[in-house]
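The structure appears below as structure tokens.
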Amino acid sequence: MSCDFLELAVPGVRGMSPYQPGKPIEELAREQGLKVEDIVKLASNENPLGPPPSAVKAMAESLAELARYPDGSNYQLKQALAEKLKVAPEQLTLGNGSNDVLVLLAESFLDADSSAVFSQYAFVVYPLAVKAVGAESIVVPALDYGHDLDAMAEAIKANTRLVFLANPNNPTGTSFSKQALSGFLARVPDNVIVVLDEAYFEYGVGGDLPDGIDLLDHYPNLVVTRTFSKAYGLAGARVGYSISNPAIADVLNRLRQPFNLNLPAQFGAVAALKDDAYLQKSIEINQQGMAYFEQGFAGLGLNWIPSSGNFITVDLRRDAMPVDAMPVYEGLLSKGIIVRPVANYGLPEHLRISIGLPEENRRCLEALSQVLA
Ligand SMILES: *Cc1c(COP(=O)(O)O)cnc(C)c1O
């Protein structure tokens, strides 16, 4: 008889459920007998342009060096980021995706005697990271699908060590202003670390999304996280980072795996960071696609949550009638369209759709209108 290994696991891990990613294209192709090239995946907020060619070239060239360990200090990438963001290299912590950095923060500052505050409809990685270390999750009810920052400030307890904010938020796309953020930070005790997840920051450049980096000098307890997975088109390379007080970066660096960024990823990220034309195009195609979906949803009599990200969460209720999003999701799958159900976020009547290329958006909207008919 083998023993019950789940019972052997530490309590935090026993209480976790695995992260559910968007359905992979290959999997749907197998299930529905469809061709990979006929499938449209708008489920994981990936960049529809494909990776920046400049990054692909740099990564390919790096392959000749694969027998060597990568630079564990990430010197080149830190230099490039420091220059671009006008911060010191000592303020940067690189991760295998920003997910890695979020987990490092939880593991560094939380334990079974502490708590973390985040919002209802927050990114599912926050509760997972908090649970894994056995800490308490304090979930604050959302306000209009977004963060209720006043209620979040009030929810902080004596044992709270971390607060997670996402601006824009995933899966709702909501955002808050610089004034709201500053007001919140002013109320947070200085021994509580505020993690401001700006995974979609680049999509808001030129708009009124705050830049968390501007507030770092004022608030030593602020940590800003960003990623190359979205606007920089490198989700598969796994590169993310945080910008913080160097003392916080020092803590994270003690726990960080020595080689958490692989060698091609380091090269790809440096190249992507210099590719302003690619970034600009990503932002433009996103704005066009967002406007297209908003217009299309309005035409179908559907509401949506206004989004500052590269995705839009549509409410499938028409005339306030209750609806289950799952059959609609499955109807779209049968037409080769993968979107993201968000029932696991407490939004069983919504679907989250990543903004794609114009033709992908058109196919998605057409399929949605057919499935709803
Ligand atoms: C996509 C996303 C991330 C980025 O994850 P990576 O690990 O960097 O790919 C982080 N936070 C939020 C809210 C996201 O939606």
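The values are calculated or read from the model by the stated rules, or taken from the named source; none is laboratory data. What you see is a predicted model, and the numbers here were worked out from it, not measured in a lab. As a convention, Cβ positions derive from the backbone with ideal geometry for all residues, glycine included, and neighbour counts pool all protein chains shown. Note: accessible area is taken over every heavy atom of the protein model, side chains too, but ligands, DNA and RNA are not part of it. Shrake-Rupley method; radii C 1.70, N 1.55, O 1.52, S 1.80 Å.
Might you let me know whether segment 243-260 holds any residue that is surrounded by fewer than 23 Cβ atoms within 10 Å (Cβ to Cβ), small (G, A, S), touching a strand residue (DSSP E or B) at 6+ places or on another chain (Cβ under 7 Å) and under 29 Å from S114 (Cα atoms)?
Within segment 243-260 (the criterion being surrounded by fewer than 23 Cβ atoms within 10 Å (Cβ to Cβ), small (G, A, S), touching a strand residue (DSSP E or B) at 6+ places or on another chain (Cβ under 7 Å) and under 29 Å from S114 (Cα atoms)), the answer is yes, since at least one residue qualifies.
Among the residues making up segment 300-316, those that are open to solvent by less than 70 Å² (accessible area, probe 1.4 Å) and more than 16 Å from the ligand (Cβ to nearest atom) are L300, G301, L302, V314, D315, L316.
All conditions but one from (1) touching a residue at least 60 places away in the same chain (Cβ under 8 Å); (2) out of contact with any Pro (no Cβ under 6 Å at 6 or more places or on another chain); (3) part of a helix (DSSP H, G or I) apply to A277; the one that does not is (1).
For segment 227-237, the count of residues that are farther than 25 Å from G50 by Cβ, open to solvent by less than 10 Å² (accessible area, probe 1.4 Å) and aromatic (F, W, Y) is zero. Only residues that are within 16 Å of the ligand (Cβ to nearest atom) and β-branched (V, I, T) were counted across segment 229-269, and they come to 2. Inspection of segment 332-344 identifies at least one residue that is part of a helix (DSSP H, G or I), more than 25 Å from P127 (Cβ to Cβ) and in contact (Cβ under 8 Å) with a residue 40 or more places away in the chain. Counting only helices (runs of 4 or more DSSP H) that fall entirely inside segment 49-154 and contain at least 1 residues that are free of Cβ contacts under 8 Å to residues at least 60 places away in the same chain, crowded, with 16+ Cβ neighbours inside 10 Å and not hydroxyl-bearing (S, T, Y), the qualifying elements are 75-85, 98-109, 125-132. The residues of segment 202-228 that are under 16 Å from P246 (Cα atoms) and either in contact (Cβ under 8 Å) with a residue 60 or more places away in the chain or within 14 Å of the ligand (Cβ to nearest atom) (or both), listed by number, are G212, I213, L216, V223, V224, T225. Modelled with pLDDT under 95, open to solvent by 10 Å² or more (accessible area, probe 1.4 Å) and within 15 Å of the ligand (Cβ to nearest atom) - does that describe any residue in segment 185-201? No: zero hits.
Within segment 349-373, residues that are closer than 12 Å to N310 by Cα and in contact (Cβ under 8 Å) with a residue 60 or more places away in the chain sit with their Cβ atoms under 7 Å from residues that are open to solvent by 10 Å² or more (accessible area, probe 1.4 Å) and assigned to a strand (DSSP E or B), at 6+ positions apart or across chains, in these pairs: R352/R340. Of all residues in segment 317-324, none are at pLDDT 95 or above and open to solvent by less than 60 Å² (accessible area, probe 1.4 Å). Filtering E37, E46 for residues that are on the phi < 0 side of the Ramachandran plot and either part of a strand (DSSP E or B) or surrounded by fewer than 18 Cβ atoms within 10 Å (Cβ to Cβ) (or both) leaves a single hit, E37. Scanning segment 12-62 for residues that are among the acidic types (D, E) and under 24 Å from the mean Cα position of the chain (by Cα), we see that the one that is nearest to the ligand (Cβ to nearest atom) is E46.
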